[in-house]
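Right, one structure below, let's go through it.
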Amino acid sequence: SLAYNIGDDLVIDSSAVPIDGWMVFKGNIEEPVVANVIIRNHPKLQIDLDQGMIPGPALRLILSNDIIEVLGDANTLYAATVIGGKANTEWAAIKSEQAMIEGANWLLMKKYYATKNTMSAEEEKTLISTLTENQKISNELRNQFLAKNPSSLVSLFYLTEMMYAELSLEELKAAYNKIDDTLKSHSYATSIVQLMSNLEKAATGQKAINFQRITNNGEKFNLNDLKGKYVLLDFWGSWCMPCRQSHPH
């Protein structure tokens, strides 16, 4: 399957058909986007648990209206070679190194879940330390690519990955300003600009953004009505089970 986002919508395309020994997807897309190539229910690419499973790393590529070929071993799909399209050619500069790190981390994850009941505290600490160090190396590869390739769609995509947790507002602004103007009409750029605007409105020292809601007692609530008082706001996600479990308090 191919899985990718168009705006807020997740598209999952499982329409591949066999043609001359290839599994072929056909179609058109309005703008290039990052897509995941997934093989469902592959025993080498998932960790089975009592209450579900953990999926392995997928192959990421830039989906565009070019002829794109994926060549590799299904057991290590994340390390497959991608040929076709300008952005995929650019991404190839670090893809093999990224795949080696992903593969190493995936094997460590499988080892952890296979032996966690017998693993010593020291062994677990070493495993986690290795995972963390590998992720640092992968992040550095990404950061170097971003610095060297301001006109690549891959760089713009990397910013969308980093913008929520890794970069401050000022860091995000500086990184976005280095992106080539030819990319700033892309939907990835739009999402970055929207986030920067939201962060500016909610920055420390700014006046709190007013909102109105209905309380659990059915009464209207307006934040401005509490002006002059100390207010603690606790934001949570309805999809977050620990959040929901904590509500009785």
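Taken together, the values in this text are just the output of simple stated rules run on the coordinates, not laboratory data. Note that the coordinates shown come from a computational prediction; the quantities given were computed from them, not determined experimentally. No Cβ is skipped: glycine too gets one built from the backbone with ideal geometry, and neighbour counts run over all protein chains shown.
Observations on the model:
- Between the range 191-249 and the range 85-100, the alpha-carbon center distance in angstrom: 41 Å
- Within the range 76-179: Cβ-based charge dipole about Cα centre, in debye rounded to nearest 20 (Lys, Arg +1; Asp, Glu -1): 260 debye
- Cα lying deepest toward the dipole's positive end in the range 1-149, options 127, 39, 15, charges on Cβ: 127
- Potential extension, residue 197-residue 178 segment - 0.36 nm per residue separation minus Cα distance: 5.1 nm
- Other residues lying with their Cβ under 14 Å from the Cβ of residue 63 contribute a combined charge of -2, Lys and Arg counting +1, Asp and Glu -1.
- The candidate values are (1) 8, 34, 39, 17, 3, 0; (2) 8, 32, 36, 20, 5, 0; (3) 6, 21, 28, 24, 15, 5, 0, 0; the one derived from this structure for P(r) over Cα pairs in 10 Å bins from 0, in percent carries the label (3).
- In this Cβ point-charge picture (+1 for Lys and Arg, -1 for Asp and Glu), the range 53-124 has a dipole of about 140 debye about its Cα centre.
- Total lysine pairs in the range 8-121 at Cα distances under 25 Å, for residues eight or more apart or on different chains: 9.
- Between residue 74 and residue 187, the FRET efficiency from the beta-carbon distance, with R0 = 35 Å, is close to 0.65.
- Each Cα pair under 8 Å and six or more residues apart adds its separation to the average, and for the range 147-249 the resulting relative contact order is 17 percent.
- GNM on the chain, alpha-carbon springs under 10 angstrom: the most fluctuating residue among 229, 184, 173 is 229.
- Taking each residue as 0.36 nm, the span from residue 124 to residue 28 lengthens on full extension beyond its C-alpha to C-alpha distance by 29.9 nm.
- Cα-centre dipole for the chain with unit charges at Cβ (Lys and Arg positive, Asp and Glu negative), debye to 20: 600 debye
- Axis angle, to the nearest 10 degrees, between helix 121-148 and the longest C-alpha principal axis of the chain: 90 degrees.
- Relative to the current alpha-carbon distance between residue 217 and residue 231, full extension at 0.36 nm per residue lengthens the span by 3.1 nm.
- To the nearest ten degrees, helix 169-178 and the longest principal axis of the Cα atoms of the chain are 40 degrees apart.
- Between the listed residues 112, 198, 143, the Cα displaced farthest toward the positive end of the dipole of the chain, a dipole computed from Cβ unit charges relative to the Cα centre, is found at 198.
- Residues whose amide H comes within less than 5 Å of that of residue 34, counting only those at least five positions distant or on another chain, are 63 (H built at 1.01 Å from N in the peptide plane).
- Taking the chain and dividing mean pair separation by its residue count, relative contact order in percent (alpha carbons under 8 Å, at least six apart): 10 percent
- Helix 153-162 axis, angle to the chain major axis (alpha carbon atoms, nearest 10°): 50 degrees
- Separation of the residue 144 and residue 50 label points, Cα + 7 Å toward Cβ, nm: 4.4 nm
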